[in-house]
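Novice: Sharing a structure below in structure tokens format, with a few things to ask.
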Amino acid sequence: MRWVKGIVKGVLVALVLFFFLFPVYWLVTTAFKKSEEWFTWPPTFWPSSWTLGNFMGVEGGFFGSATTAIATITPYLRNSIVVALFVALLSTVISALAAYAVSRFKIGGMRFVSWIISIRMLPPIASALPLYVIFSRLRLINTWWALILAHLVITTPFSTWILITFFNEIPRELDEAAFVDGAGVGQSFFSVILPLAAPGLAAVATLSFIQSWGEFLLSLVLTTGKEAQTLPLYLGRFITGWRIAWGPLAAAGLVTMLPVVVFSLLAQRYLVRGLTFGAVKG
Amino acid sequence: MILPLLVILLGLTMYPFGYMVYMSFFRYSLASWEKPQFIGFSNYRDILRDRTAISSIDFTVLLLVVAVPLEILLGMAIAFLLRDTFGERVFRSALLIPMMVPAVVAGIAWKMLYNFEFGPVNYFLSLLGIPKISWLGTQFFSRLGVILIDVWQWTPFVFLVLYAGLQSLPRDVVEASFVDGASGFSAFRYIEFPLLRPLLFVVLIIRVIDALKIFDIVYMVTFGGPGSSTHSYSFYIYKVGVSFGWDIGYASALSVLLLLAVSLLVSLLIRMLRLRETLEL
């Protein structure tokens, strides 16, 4: 009986993994397939020869809407990196300050924290339109700043939340000892609390980076061209073409996905805690 | 110290929302040169007569009542399946991938999978003797297709949270029940499930709120089609407000309704979170 149970369990686990990983597998392999094998019947589950052509471009280009992935992707890649780095940095600084105030001095208290959570849950489409109108008056449309500011709205509540829980775990006696030794609030924050919360800061920066990197809707509304558009928009643009060059598109998708997957595995431990607002320790 | 955050959030959410509520009472389109004109509640009255709006609400509700419960059930089942399995840490990391991959990228992958002539989904179905399905071509299947992607994307979230929850349960209580002769199922029914219930509610509300906002997948895979059958509510607002019309007044009215629904759910969520304890406030 026991081995039957073991086999059933094994089969179920295999099915689960298959369902959840196959789409990613398909994207990754397609990125390395030659154009003859993008679409075949039966589908090509394992490329007969692997190619980097989808990344580097091939002679004569592809017949389709995305010609060569890497050549046209560069401005978008640059925008993505700049925006996501700025968002990660600013979001960490802003939310560390706020989280410290909430954790140590109870500023705002329950009311403030609840407000933060509600902002985190708000539908982005609802802020996209008014932001468009406001940003176009400020002449910010299609600039990095439009995206950075808009993304901060998504990342700061999340980061503040996680950091409050982090700061709470640092014993209060440490602050008090610093105060006794004559340090001010600022000094104790910078030289006592921040170093101890370093893993938390790293996690928050990473998660902010990921969220900004993959954000689509706000960027779609607030940008118009390759001066500011990020990778997700590059992907969104080419998928609506009438004939899609799947290989380069999959390759671009892979480039977009890779940092996110790596970073999220690194920050995994803090993810659950943040996503459920502390309902589970994780 | 809290000031920078306050400035950002007030300036970029509260002010725009106020502006939006205000605009929802005006006829205002960026596509025309007319000045905004006050028209009272007539944008709201239009929603009731707008068949695409009703159909987008219909589809969004369908997501709530089909996809979300499926995700909860599956996520819970997988949490129990993988508990104490050899290699659970690797599986847990692997299952993180669907929810972390940017939705746009997932959209590309699924659009390939759903391809009518050459897509792997139809290939797997053909192995079972099922004829090719036009996944993106009919109302029923395109809606089902979007639901499936949502299940793919968010079941891992439910799983991760419940798994962490399961591991934080007091082990000795469950073991004591086994000593007292309880079966695995009754331990689940009478001990684990009741202990997990508060967490389950939190997950449920978070999922409901997120499902109300679904946009990226729809944009990438179906672009709301065929016709308007997979317009999600957010997608419809986008269409009205940006891509087909720049009708800010009407889109604002639609957004206000969404905002009201989400606010109600969020206040429910906040009540369930027991913030005072978790944050030591």
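The values are calculated or read from the model by the stated rules, or taken from the named source; none is laboratory data. Since we're looking at a predicted model, the values are computed, not measured. With ideal geometry, Cβ positions are generated from the backbone for all residues, glycine too; neighbour counts draw on all protein chains shown.
Novice: From the residues in region B:230-273 that are charged (D, E, K, R) and out of contact with any helix residue (DSSP H, G or I) (no Cβ under 8 Å at 6 or more places or on another chain), which one is farthest from B:PRO36 (Cα to Cα)?
Specialist: Going through region B:230-273, the residues charged (D, E, K, R) turn out to be B:239, B:247, B:271.
Now narrow it down to the ones that are out of contact with any helix residue (DSSP H, G or I) (no Cβ under 8 Å at 6 or more places or on another chain): B:239, B:271.
On the way: B:LYS239: 20, B:ARG271: 39 Å.
Selected residue: B:ARG271.
Novice: Could you tell me which numbered condition B:PHE244 fails, if it satisfies all but one of (1) more than 10 Å from every other protein chain (Cβ to nearest Cβ); (2) more than 26 Å from B:PRO102 (Cβ to Cβ); (3) among the aromatic types (Phe, Trp, Tyr)?
Specialist: For B:PHE244, the exception is condition (2).
Novice: Looking only at region B:55-75, filter to residues that are surrounded by 14 or more Cβ atoms within 10 Å (Cβ to Cβ) and of a type in the set (Val, Ile, Thr); which one of those is farthest from the other protein chains (Cβ to nearest Cβ)?
Specialist: Looking at residues that are surrounded by 14 or more Cβ atoms within 10 Å (Cβ to Cβ) and of a type in the set (Val, Ile, Thr), I get B:VAL66.
Novice: While we're here: Tell me, please, whether a residue that is crowded, with 20+ Cβ neighbours inside 10 Å, of a type in the set (S, T, N, Q) and on the phi < 0 side of the Ramachandran plot can be found in region B:28-38. Don't jump to the end; show me each part of the working.
Specialist: Within region B:28-38, the first condition is being crowded, with 20+ Cβ neighbours inside 10 Å, and the residues that meet it are B:28.
Imposing the further condition that a residue be of a type in the set (S, T, N, Q) reduces the set to none.
The answer is no, given that none of the residues of region B:28-38 is crowded, with 20+ Cβ neighbours inside 10 Å, of a type in the set (S, T, N, Q) and on the phi < 0 side of the Ramachandran plot.
Novice: Same structure again: Can you find, within region B:247-268, the residue that is farthest from the chain's Cα centre (by Cα) among those that are crowded, with 24+ Cβ neighbours inside 10 Å and facing chain A (nearest Cβ under 7 Å)?
Specialist: B:ILE248
Novice: Would you mention how many residues in region A:1-39 are surrounded by 12 or more Cβ atoms within 10 Å (Cβ to Cβ) and not acidic (Asp, Glu)?
Specialist: Result for region A:1-39: 25.
Novice: Taking the stated definitions as given, is B:ILE78 facing chain A (nearest Cβ under 7 Å), closer than 19 Å to A:PRO43 by Cα and buried (at least 22 other Cβ atoms within 10 Å of the Cβ)? Break it down into steps so the answer makes sense when it comes.
Specialist: Working: facing chain A (nearest Cβ under 7 Å): yes; closer than 19 Å to A:PRO43 by Cα: no; buried (at least 22 other Cβ atoms within 10 Å of the Cβ): yes.
For B:ILE78, the condition - facing chain A (nearest Cβ under 7 Å), closer than 19 Å to A:PRO43 by Cα and buried (at least 22 other Cβ atoms within 10 Å of the Cβ) - is not met.
Novice: For region A:1-55, which positions are in a loop (DSSP other than H, G, I, E, B) and facing chain B (nearest Cβ under 10 Å)?
Specialist: A:TRP38, A:PHE39, A:THR40, A:TRP41, A:PRO42, A:PRO43, A:THR44, A:PHE45
Novice: Can you tell me which residues in region B:218-261 are charged (D, E, K, R) and assigned to a helix (DSSP H, G or I)?
Specialist: So in region B:218-261, the residues charged (D, E, K, R) come out as B:239, B:247.
Residue satisfying the conditions is B:LYS239 alone.
Novice: If I go through region A:165-201 residue by residue, how many of them are touching a residue at least 60 places away in the same chain (Cβ under 8 Å) and not acidic (Asp, Glu)?
Specialist: Residues of region A:165-201 touching a residue at least 60 places away in the same chain (Cβ under 8 Å): A:165-168, A:172, A:175, A:189, A:193-194, A:197, A:200-201.
Add one more test, that the residue is not acidic (Asp, Glu), and what stays is A:165-168, A:172, A:189, A:193-194, A:197, A:200-201.
Qualifying residue count for the region: 11.
Novice: Those residues that are out of contact with any Leu (no Cβ under 8 Å at 6 or more places or on another chain), of a type in the set (Val, Ile, Thr) and either closer than 28 Å to B:VAL158 by Cβ or at pLDDT below 75 (or both), I need them from region A:226-282; list them, please.
Specialist: Correct list: A:THR240, A:VAL260, A:VAL261, A:VAL262.
Novice: Name the single residue, out of those in region A:41-60 being surrounded by fewer than 12 Cβ atoms within 10 Å (Cβ to Cβ) and among the hydroxyl-bearing types (Ser, Thr, Tyr), that is farthest from B:LEU127 (Cα to Cα).
Specialist: Step by step, filter region A:41-60, then rank; the result is A:SER49.
Novice: Can you tell me which residues in region B:123-150 are small (Gly, Ala, Ser) and over 26 Å from B:HIS231 (Cα atoms)?
Specialist: Within region B:123-150, the subset small (Gly, Ala, Ser) is B:126, B:129, B:134, B:137, B:142, B:145.
Selection gives B:SER126, B:GLY129.
Novice: Hey, another quick one. Do you know which residues across region A:136-194 are at positive phi and surrounded by 13 or more Cβ atoms within 10 Å (Cβ to Cβ)? Steps first, answer last, please.
Specialist: If we filter region A:136-194 for residues that are at positive phi, which is where we start, we get A:139, A:142, A:182.
Of everything in region A:136-194, just one residue is at positive phi and surrounded by 13 or more Cβ atoms within 10 Å (Cβ to Cβ), namely A:ASN142.
Novice: Follow-up question, since we're still on this one. Limited to region B:123-152, what total is found for residues that are in contact with a Ser or Thr (Cβ under 9 Å, 6 or more places away or on another chain), without any contact (Cβ under 8 Å) to a residue 60 or more places away in the chain and not hydroxyl-bearing (Ser, Thr, Tyr)?
Specialist: Within region B:123-152, the subset in contact with a Ser or Thr (Cβ under 9 Å, 6 or more places away or on another chain) is B:132, B:134-136, B:138-143, B:145-146.
Now restrict to residues that are without any contact (Cβ under 8 Å) to a residue 60 or more places away in the chain: B:132, B:134-135, B:140-141.
Next, only the ones that are not hydroxyl-bearing (Ser, Thr, Tyr) stay: B:132, B:135, B:140-141.
The total comes to 4.
Novice: Also, I was wondering about something else. Can you tell me which condition B:ALA31 does not meet? The list is (1) in contact with a Phe, Trp or Tyr (Cβ under 8 Å, 6 or more places away or on another chain); (2) part of a helix (DSSP H, G or I); (3) among the aliphatic types (A, V, I, L, M), and all the others hold.
Specialist: (2)
Novice: Restricting the first residue to region B:262-281 and requiring it to be assigned to a helix (DSSP H, G or I), which pairs with a second residue that is among the aromatic types (Phe, Trp, Tyr) meet a Cβ separation below 6 Å and a spacing of at least six or different chains?
Specialist: B:MET272/B:PHE201
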